[in-house]
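Notes to accompany the following structure.
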Amino acid sequence: MTTPPDDEQLLVTARTVHAALSAWCEANGKDAYPLWSEAPEWMRTSTLESVAFQRDNPDASVSAQHDQWMEQKIGDGWRYGDSRDDDRRLHPMLVPYGDLPEFEQTKDAILKAIVDAIYRTNASAPLSARI
């Protein structure tokens, strides 16, 4: 997915989500994500698509957010693996939402909360006041 140049809010929101999820990982003893500018294209695209899904489906459940992510990953050629391997496109979180560890469920909830807060709470404010 390529971000249209006029959709600055989507990009700002995706970068915010990326940074927050990275902080969540680091605060819980996991590897932080690379900086947005250094993240692989597939990672930035995945975040943009997840943010766009939540923006366009604000009443979707957190589990629906995970389903969207799984569909996106599978569509990009990823499959389940016991451990994550980006080169081979294996991911242990390609499981139903209810089978995710609590840490991962919380990560999905963080994404939803941030997108909802930005798009619902501040929708009428000018972009400069929202970032």
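The values are calculated or read from the model by the stated rules, or taken from the named source; none is laboratory data. Everything numeric here is computed off the predicted structure, so don't read it as measured data. Please note that ligands, DNA and RNA were not included when accessible areas were found on the heavy atoms of the full protein model with its side chains. Shrake-Rupley method; radii C 1.70, N 1.55, O 1.52, S 1.80 Å.
Let me check against my output: what whole-number percent is the relative contact order of segment 1-119, with C-alpha pairs under 8 Å and at least 6 apart? Don't jump to the answer; show the numbers that get you there.
Details: 110 pairs, mean separation 30.9, N = 119.
The value is 26 percent.
Mind listing the phi-derived Karplus ³J(HN,Hα) values for segment 38-53, rounded to whole Hz, using 6.51, -1.76 and 1.60 with θ = phi - 60°, and x for any glycine or proline?
Along segment 38-53, the couplings run 10, 6, x, 4, 4, 6, 5, 4, 4, 5, 4, 5, 5, 5, 4, 4 Hz.
Show that you can apply the helix-only estimate: for the chain, add -39,500 (n - 2.57) for every DSSP H stretch of four or more residues, divide by all residues, and state [θ] at 222 nm to the nearest 500.
-17000 deg cm²/dmol
Can you tell me how much longer the chain between Asn28 and Ile74 gets when fully stretched, taken as 0.36 nm per residue apart minus their C-alpha distance, in nm with one decimal? Let's see the in-between values first.
Details: separation 46, 0.36 × 46 = 16.56 nm, distance 2.70 nm.
Once the chain is fully extended between Asn28 and Ile74, it gains 13.9 nm.
With a 1.4 Å probe and all protein chains left in place, how much accessible area per residue does segment 53-111 have, in Å²? Before the final figure, lay out each step's value.
Numbers: 3340 Å² over 59 residues.
Result: 57 Å² of accessible area for each residue.
Under 4 °C and 1.567 mPa s, how fast does segment 11-125 diffuse according to Stokes-Einstein, given a Kirkwood radius computed over C-alpha pairs? Answer in µm²/s, whole number. Let's see the in-between values first.
Values: Rh = 14.6 Å.
Taking Rh from Cα pairs, D becomes 89 µm²/s.
When the accessible area of the chain is computed with all protein chains present and a 1.4 Å probe, what percentage of it is carbon and sulfur? It would help to have the intermediate numbers written out before the result.
Working: 3760 of 7420 Å².
Looking at the chain in its full context, I get 51 percent from C and S.
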